[in-house]
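> Dropping a structure here in structure tokens format, bear with me for questions.
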Amino acid sequence: MQKPPPPPRTEPREIIELRQLRKEQPELAQAVDLQIDLLQLQRRVQSRVPLPSMNLDASRLDAMLEAGTPILTFEQVPIDWSDLRFLVRSTADAMRTHEAIEPDDFKRVEALSRDAERLEPAIRNWYDKARPVPAGGGSVAEDVAGLEPLLLQAMRPFLTRCAEAVTARTSFQAWVHGNCPLCGGEPDFSVITPAAERLLICARCTARWPFDQLACPFCRNTDRSRITSFATRDGLYRLNGCDACERYLKAFDARHAHRAVMLVVDAIATLPLDAAAVQRGYR
Ligand SMILES: [Zn+2]
Ligand SMILES: [Zn+2]
């Protein structure tokens, strides 16, 4: 008897939204296609990443947050090194296909992914650089300089797993800083909740934490006259630029939305806002 064909694999919501975005804004096609490739690569690894082995006792987490110490150390990240090597190499391939990496950087990544003795300290250096007590030496820092966007993508399945585990235990209310309470990374997106609270979203582990509505998370500037804010016509996205440090942060305004924020979709849908920010002198 002939077997029925396997049911079509359901596409994750993010990929469906990205395809829709591509239809509506063909000028974003290149960025959308890269993002879809990256999501598909990450999904291959994501499902088998184990939970981090760490003490998730709520009072211990709160004590760390109150002390201003990001919770997750490098040793606790459940990295499978052969999966990570696969992700580093295939992320580089995808970025090359979509012209998102310089040829020299591509060669550097290839060499790095083949050399286990260099890869581990390089990844550790990248991870710890965003944390209060930096580790690692000069030569390692050279290994990762300029490759941060690629490493961020390759490390994402491991770090988001940690974020899932920890955010099930705490909402980071005791954390008052602009960098990530979990991994120490910087925010690269934010969401304004229906209750008008602002949550910052970590560029590395995608954890979300509450932060002052207006203050600049990068330099703590709270002077309203030195913060420029503008929104897209539909009110769905906002951008806050800081005139003190000249950095900016984009936001998804859930008060004007019919769905929840999706970092990988909204970061691409707002590429025109990035261009507007750069035009105004922010970086
Ligand atoms: Zn983080
Ligand atoms: Zn600032």
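The values are calculated or read from the model by the stated rules, or taken from the named source; none is laboratory data. The shown structure was predicted, so the numbers you read here are calculated from the model rather than taken from an experiment. Reconstructed Cβ throughout: ideal geometry from the backbone, glycine too, with neighbour counts over all protein chains shown. Protein only, heavy atoms only, side chains kept; ligands, DNA and RNA dropped before computing areas. Shrake-Rupley method; radii C 1.70, N 1.55, O 1.52, S 1.80 Å.
> Which ³J(HN,Hα) values in Hz, rounded to whole numbers, follow from the phi angles of the range 196-213 under the Karplus curve 6.51 cos²θ - 1.76 cosθ + 1.60, where θ = phi - 60° and Gly and Pro get x?
Once θ is set to phi - 60°, the couplings for the range 196-213 become 6, 8, 9, 10, 8, 10, 6, 5, 9, 9, 6, 5, 10, 9, x, 8, 2, 3 Hz.
> What do you get for GluC sites (Glu not before Pro) in the range 93-187 restricted to DSSP loop and a cutoff of at most 11 other Cβ within 10 Å of the site's Cβ?
Sites meeting the loop and neighbour criteria: E99.
> Given Cβ point charges of +1 (Lys, Arg) and -1 (Asp, Glu) and nothing else, what value in debye, to the nearest 20, does the dipole of the chain about its Cα centre take?
Once rounded to the nearest 20, the dipole reads 640 debye.
> If each DSSP helix of 4+ residues adds -39,500 (n - 2.57) and the sum is divided by the residues in the chain, what number results at 222 nm, nearest 500 deg cm²/dmol?
-14000 deg cm²/dmol
> What residue among P272, P157, P181 shows peak mean-square fluctuation when the chain is described by a Gaussian network model with Cα springs under 10 Å?
In this elastic network of the chain, the residue with the biggest mean-square fluctuation among P272, P157, P181 is P272.
> Only Cα pairs within less than 10 Å get springs; with that Gaussian network setup on the chain, which residue of G235, G68, G185 has the largest fluctuation?
With Cα springs under 10 Å in the chain, the top fluctuation among G235, G68, G185 is at G235.
> Whose amide H sits under 5 Å from the amide H of A207, counting only residues 5 or more places off or on another chain, with H placed in the peptide plane?
C202
> Cut-off 10 angstrom, C-alpha nodes, Gaussian network model of the chain. Which of R43, R96, R259 fluctuates the most?
Per the Cα network of the chain with a 10 Å cutoff, R259 tops the list.
> Quick one: compute the contact order of the range 138-283, relative version, from alpha carbon pairs under 8 angstrom and 6+ residues apart, as a percent.
18
> Here's something else I'd like to know. Considering amide H positions built from the backbone, and no H for Pro or chain starts, which residues 5 or more places from F189, or on another chain, come under 5 Å of its amide H?
I201
> Report relative contact order for the range 80-205 in percent, whole number only (criteria: Cα-Cα under 8 Å, sequence separation at least 6). Could you put the intermediate results ahead of the total?
Values: 127 pairs, mean separation 25.4, N = 126.
Reported as a whole number, the value is 20 percent.
> Taking only protein heavy atoms into account and a 1.4 Å probe, give the accessible area per residue of the range 195-245 in Å². Write down the numbers at each step before the final one.
Values: 2390 Å² over 51 residues.
About 47 Å² of surface per residue is accessible.
> Please list K23, K107, K250 from largest to smallest accessible area, probe radius 1.4 Å, with all protein chains kept in place.
These residues rank, largest area first, as K23, K107, K250.
> Right, something else. For the range 11-133, with every protein chain kept in place, what is the accessible area per residue (1.4 Å probe, Å²)? Don't skip to the end; give the middle numbers.
Details: 6620 Å² over 123 residues.
Each residue of the range 11-133 exposes 54 Å² on average to a 1.4 Å probe.
> Another question about this same structure. Heavy atoms of the protein only, probe of 1.4 Å, neighbouring chains included. What is the accessible area of D128 in Å², nearest 10?
Looks like 20 Å² after rounding.
> In whole Å, how far is the Cα centre of the range 81-125 from that of the range 40-71?
The range 81-125 and the range 40-71 have Cα centres separated by 24 Å.
> Can you give the relative contact order of the chain as a percent, counting alpha carbon pairs under 8 Å and 6+ residues apart?
Reported relative contact order: 16 percent.
> I'd like the carbon and sulfur percentage of the solvent accessible area for the chain, probe radius 1.4 Å, heavy atoms only, ligands and nucleic acids excluded.
Its accessible area is 51 percent carbon and sulfur atoms.
> At what distance in angstrom do the alpha carbon centres of the range 154-180 and the range 226-283 lie from each other?
22
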